[in-house]
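For reference, the structure discussed in these notes is given below.
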Amino acid sequence: MDIAPPRISTQTGEISPPMIAAQAVRKLFSGITVLENIDLEVRAGEVHTLMGENGAGKSTLMKILGGVLQPDAGRLLLSGREIVLTSPLAALRHGIALIHQEPLSFPDLSVAENIFIGWGTPRATLGQIDWNTMRRRCRELLESLGVRLDPRAKMRGLSIADQQMVELAAALSHSAKVLLMDEPTAALTPREVQRLFTIVRRLRDGGAAIVFISHRLGEVFEISDRITVLRDGQCIGTRTVGETSPEEIIRMMVGRPLSALYEKSQTAPCEPMLQVSGLSRRGRFTDIGFEVRAGEIVGIAGLVGAGRTDVARAIFGITPPDAGSVKIAGKTVRIRSPHDAVRLGIAYVPEDRQQHGLLLPMSVAANTAMASLPRISRFGWLSRARQTHLANNWKDRLAIRLRDVSQPARELSGGNQQKVVLGKWLETDPRVLILDEPTRGIDVGAKAEVHGLMAKLAEQGKSLLMISSDLPEILAMSDRILVMREGRITGQFARGQATQENIMTAATGQIGHESSGRSSIGVGIARQLMRFREIGIALFVVLSFAACAICQPRFLSGENLRSILLYIPLIVIVAMGEMMVIISRNIDLSVGSILGLAAIVVGNRFIAHPDMNIATAAIIAAGVGAALGLVNGVLIALLDVPAIIATLGTLTAYRGLIFIFSGGRQVDNNDLPTSLMRLSETSPLKIPWIILIAAAIAIATTLWLRYSRTGREIFAIGSNPNAASVRGIPVRRVLLLIFTVTGMLSGIAGLLFASRFGYVNPVSTGSQMELVVISAVVIGGTNIFGGSGSVLGVVLGCLLLGLVNVALPMLGVSAFWQLALYGLAILLAAIVDTLIQNRAGGGQELSA
Amino acid sequence: MIPTPYAVSIRRFLALLSFPETITMILLIAAFAVSASLSPYFLDIRYLLDSTSLYMEVGLMALAMTLVIISGNIDLSIASNLALTAVICAKLYSSLGVPMAVALILAPVIGSALGLANGLVVTMLRLPSLAVTLGTLALYRGLAQVLVGDHSIGHFPDWFTGIDYRYLGPMPMPLLIFLGAAVLFALLLHKTVFGRCVFAVGTNELAAKFSGIRTGRVKLAIFTLSGAMAGCGAMMMLSRLSVARYDLALGDELAVITTVVLGGTDIFGGRGTILGTALALLLLDIIRRGMGVANVSAEDQLAVTGALLVAAVLLARLSAGIGRRVSLISHR
């Protein structure tokens, strides 16, 4: 094996206490001991790697060190002092940073913001966000890592390697002295790995303590100072890199006596049942070829990320491969969906039995029958009796321990749940059974039962493909063993040839020359599309304007222009609020009703007090709107009612209230004071007040969204709600605020509506406004899925729609097309936004 | 907990409460009692039966919407679908001379096609049903507006109109049609393979897909069914009102969703019954009638309906919370 020569490292800080240490740490998950009495010491200025098989406990230990999990026993020490880490945020404050394999970032925000948001964005004198300082600090941080990235680049367009760098920079911004990195090189190209290592060395020399988890022996020996090996939740030992060898490490990882608990399986294999050749899928696996004969058990060994599950999913039709062929019983087949696979007699017991193998809330009986529904039905008619009979049959045959087959599947223990999944698939009488980690998380007794079952199935002539990280299991059960590493088959062993050592050797090892790094696809396209959108809309506006002017000379008349220009500001004002709501991944359908209700309340007040001044009216309108918006906010942010339902309800409830308040009668021209009317006529600046007010609100919104902490947090919440709360962003409070503000803006628009049109009608005022506003917002570039949007785009969108409204009749097109056009706009915007998300590397693939 | 008979029956009562339908039933009885005390008409069975006719289109659409929501989706466009289908059929009859009988049969077909369009966009383009049906809500009604402007189309043949004045014994036709449809839907949802697939998709779409269920087809079918019901509702409404306008059933999507949620269907999918929807429909009808009898104006009733939707969701949360606590107690 070709590995780098052992380094001689200089140890620093021998006398002072280790930077971070774990003492007698113990952790249980549902009664199963995952970590037992772990002692670990990591010194300052050292790279310390944790190694072990899948399930040895490395990730769990890492999560405890990083504050994600809390130990059930034992303690953590930081520079000799005991600390308690209640959350990743608390760990960060102690200077301990956890770098994830798949970075937890905000795809729509820039690099600089991803580093600072939620934790502490640089502020200027008035408390507003200091973008220049932020960018400068970002550049400094990245430079200290030796990385060149544009602070303004959106995270979405970056490669995983670069995103990792940003996460590292974020850790450094907290002056983190302990860096925990879980498999950082898994998704990197060889060159990116070297770049990372240079940075790691620099940080180490600067006194940081770095804890790695890695499977790649070559890399581990290249970068580490010391290695600690875990096995079955216990600490086997710590070695200095210069004083050990890869062989010894492997022996420590796997060295255990093989227990006689497992069944030996018979081999009398016949014709090949499953033949796979040349199977490839970009970025996941390459050129996979093997066969499984009837009566044979083929085990696939390998470490996490090797691509084994991806291969299984390709065969089963979940994510079809890019190239290669699959043959069942000698016939080439096209498997494009699990349904096809099941029809061909293939079964797949997934790795994640709870999320992918079972429907937990449904009964055991229903779950058992899930893949064989035609069998328990006649002409589509389900027979409960047959279902129960089927379920009881498997309950007996598999010795499933439960109260009753009608109880929900989630009440069963892990082992029994797995048996239900097995029962489900065995009922389909498959020819090929793919089992992905079949005995993970199952107690010893159930394990033995599953193994016995597998042996029996092989005896019956079925072909079994077993993916497993449990080496003794693979060795005991398989007739042949394949080993995968980084998407390729790196070893094949027959029964008797394989040992734990040689399997592990084939599973670890140096990185190949081929890059397995997942690069982002179509980086530029997304950005271009977005810029194009705003320009496109602006162009469209100009063109439509010109077209109208040409076709109808009357279009350019002052009267007509006035009419356009005075309607648009109203939409703009409401759209500012709706935009913020949509950016935060919500929706507000009630804006029109709020507008109408505020207008009616103000109108009524004018009737009662004809000499009320405008300022008071404005306060009332804003106040009413804010109160109504607050109701939305409480429902959505505090009571967890989905936004669509809450605002659908308030839309109607408020419209009803309008009738109640108006007594059915319209508020007319003579009810409203002339001072109000004058708002839409002129002002000292020769431009009507309405337009000025709308412009002021738009500018204020732009500034707020750009320079205030809460404004930026709205984008973060919409971009990645989970990451937002992890970062300590007060999501509920922000949402409460957004809905209240939207209500307030709608209220103000209500007052201005009365000014513009001279009346308030309980039926029509504000009615259907929500559709206009939502269309304008989404046409204007605000992503309907949240996370991004701009005031300029929304204003352009409002302009466009306002123009279309007036232009249609001018061009001889029935004005009745309006509503249909709004609908089309929403649909098109949704489609475009989905395409953008798919292109810029944020693919809608099924999560592994 | 000491298992005295008293404690056991309390536990059973709480367990029963964890079924949302129970709460609906309780509300129904309460609403009936209140309304009856407000007006003696309520005890007149004839009156009650007659008054249901106003609401049966909502009922039909609610039946299909139950399936949509159970599957984890939503269809905001049904009322617009109804309007567009009604307008198209009316136009076929009045302008193109198509016999009304043919138009009658075409209505569910047209509605289905519109619903299928929703389904195709959702499954092929993988867009969330919320966004898609928000768009078609506007698009379909907009198209209805384009077709008919603000005119109404009337003068339908006598045999077609006045469905609410036709009876089979004491039962008005709309009610009978709804009950028949309800039975069919109940059988479909609770007794067939398809119904099982609907629940599976709404419970855990991935796991359902991994079990070999064709989730795409299930969703297509659900949206098509929703459209079909909108088409049937279109004909019923046309017969009842004798006019086709673009604003038919305006805002009725709210009533439909309220009915479904009030009936105990979980807005997040995976749980629901036709019985609950039917009970909720009755409940809403009684509330409306009750308000009418108490001289609450139609507009005020609007406010109440809106508030009801929100209340329904909150209630569902409450009963889910009770359900969880009950299972914690009984599975110690």
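Pull up the cross-link candidates among the lysines for A:LYS177, meaning alpha carbon to alpha carbon under 26 Å and not fewer than 8 places away within one chain.
A:LYS27, A:LYS58, A:LYS63
Using only the alpha-carbon atoms of the range B:143-268 as identical scatterers, what base-10 log of I(q)/I(0) does the Debye formula give at q = 0.12, 0.13, 0.14, 0.18 Å⁻¹?
-0.64, -0.74, -0.83, -1.12
Each residue of the range A:703-709 in order: what ³J(HN,Hα) in whole Hz does its phi give by Karplus 6.51 cos²θ - 1.76 cosθ + 1.60, θ = phi - 60°, with x for Gly and Pro?
My calculation for the range A:703-709 gives 5, 5, 5, 9, 10, 9, 4 Hz in order.
Placing +1 on the Cβ of each Lys and Arg and -1 on the Cβ of each Asp and Glu in the protein assembly as shown, which of B:ALA86, B:PHE178, A:ALA618 has its Cα farthest towards the positive end of the resulting dipole?
B:PHE178
Compute the angle between helix B:173-191 and the longest alpha-carbon principal axis of chain B, please, reported from 0 to 90 degrees and rounded to the nearest 10.
50 degrees
Tell me the angle of helix A:384-397 to the major Cα principal axis of chain A, expressed in degrees between 0 and 90 and rounded to the nearest ten.
Here the helix axis deviates by roughly 30 degrees.
Got a sec to turn the phi values of the range B:81-96 into Karplus ³J(HN,Hα) couplings, 6.51 cos²θ - 1.76 cosθ + 1.60 with θ = phi - 60°, whole Hz, x for Gly and Pro?
Those phi angles translate into 4, 4, 4, 5, 4, 4, 5, 4, 5, 4, 5, 4, 6, 7, 9, 9 Hz.
Provide the convex hull volume over Cα atoms per residue for the protein assembly as shown, in Å³.
Per-residue hull volume (Cα only) is 206 Å³.
Let me spell out the model: positive unit charges on the Cβ of Lys and Arg, negative unit charges on the Cβ of Asp and Glu, origin at the Cα centre of the protein assembly as shown. What dipole size does that give, in debye rounded to 20?
Magnitude of the dipole: close to 580 debye.
So, with +1 on the Cβ of K and R and -1 on the Cβ of D and E, and no other charges, what is the size of the charge dipole of the range B:5-330 about its Cα centre, to the nearest 20 debye?
The calculation lands at about 1160 debye.
In a solvent-free Debye calculation with one equal scatterer on each Cα, what is log10 I(q)/I(0) for the range B:5-330 at q = 0.14 Å⁻¹, listed in the order of the q values?
-1.13
What 222 nm value per residue comes from the helices of chain B, counting each DSSP H run with n ≥ 4 as -39,500 (n - 2.57) and dividing by all residues, nearest 500 deg cm²/dmol?
Calculated at 222 nm, the ellipticity per residue is -24500 deg cm²/dmol.
Rounded to the nearest 5, what is the percent of antiparallel bridges among the DSSP beta bridges in chain A?
Of the beta bridges lying entirely in chain A, close to 55 percent run antiparallel.
What ranking of A:CYS138, A:CYS548 emerges when the number of other C-beta atoms within 10 Å of each C-beta is taken as an exposure proxy, fewest first?
Ranked by crowding around the Cβ, least crowded first: A:CYS548, A:CYS138.
Among the lysines, select those whose C-alpha is under 29 Å from the C-alpha of A:LYS462, and discard any that sit fewer than 8 residues away in the same chain.
Straight-line reach from A:LYS462, under 29 Å: A:LYS264, A:LYS327, A:LYS331, A:LYS395, A:LYS419, A:LYS424, A:LYS447, B:LYS209.
Please work out how much length the chain gains when fully extended from A:VAL304 to A:THR133, using 0.36 nm per residue of separation minus the C-alpha to C-alpha distance, in nm with one decimal.
Gain on extension, A:VAL304 to A:THR133, equals 57.5 nm.
Skipping prolines and chain starts, which residues have an amide H placed within reach, meaning under 5 Å, of the one on A:MET466, given they are 5 or more residues away or on another chain?
Amide H neighbours of A:MET466, under 5 Å, 5+ apart: A:VAL298, A:GLY299, A:ILE300, A:LEU435.
Out of B:LEU28, B:THR215, A:TRP394, whose Cα points farthest toward the positive end of the dipole of the protein assembly as shown (charges: +1 Lys, Arg; -1 Asp, Glu; placed on Cβ)?
A:TRP394
Using Cα atoms only, what is the angle between the long axis of helix A:190-205 and the major principal axis of chain A, expressed in degrees (0 to 90) to the nearest 10?
90 degrees
In nm, what is the difference between 0.36 nm times the number of residues separating A:ARG201 and A:LEU835 and their Cα-Cα distance?
Residue separation times 0.36 nm, minus the Cα-Cα distance, leaves 224.2 nm.
Residue by residue, what Karplus-based ³J(HN,Hα) values in Hz, rounded to whole numbers, does the range A:84-91 have, using 6.51, -1.76 and 1.60 with θ = phi - 60° and x for Gly and Pro?
3J(HN,Hα) across the range A:84-91, in whole Hz: 10, 9, 8, 7, x, 5, 4, 4.
Taking other Cβ within 10 Å of each residue's Cβ, how do B:MET56, A:MET252, B:MET235 sort, fewest first?
Listed from fewest to most nearby Cβ atoms, that is A:MET252, B:MET235, B:MET56.
For the range A:54-129, what relative contact order do you get, as a whole percent, if you take Cα pairs closer than 8 Å and at least 6 residues apart?
It rounds to 19 percent for the range A:54-129.
Which aspartates and glutamates, if any, have their Cα less than 13 Å from the Cα of A:LYS456, not counting same-chain residues under 8 positions apart?
Cross-link targets: A:GLU263, A:GLU296.
For B:ILE74, A:ILE697, A:ILE83, what ranking results if the residue with the fewest other Cβ atoms within 10 Å of its Cβ goes first?
If I rank by nearby Cβ atoms, fewest first, I get A:ILE83, A:ILE697, B:ILE74.
Can you list the residues, at least 5 places off or on another chain, whose amide H is less than 5 Å from the amide H of A:VAL211, using H built in the peptide plane?
Those lying under 5 Å, H to H, from A:VAL211 are A:HIS48, A:LEU179, A:LEU180, A:MET181.
Within the set of other residues whose C-beta is less than 10 Å from the C-beta of B:ILE69, count the net charge using Lys and Arg as +1 and Asp and Glu as -1.
Charge balance in the 10 Å sphere: -1.
Tell me the relative contact order for chain B as a rounded percent, counting alpha carbon contacts under 8 Å between residues six or more apart.
35 percent
Could you point to the residue in A:SER478, A:ILE160, A:THR240 farthest towards the positive end of chain A's charge dipole, with +1 and -1 charges on the Cβ of Lys/Arg and Asp/Glu respectively?
A:ILE160
Only four residue types carry charge here, +1 at the Cβ of Lys and Arg and -1 at the Cβ of Asp and Glu. Report the dipole size of the range B:149-240 about the Cα centre in Debye, rounded to the nearest 20.
With Lys and Arg at +1 and Asp and Glu at -1, about 540 debye.
Values quoted throughout were computed directly from the atomic coordinates according to the rules given, and no laboratory measurement underlies them. The structure displayed is predicted, hence computed values, not measured ones. Heads up, the Cβs are rebuilt from the backbone with ideal geometry, glycines too, and the neighbour counts pull from every protein chain shown.
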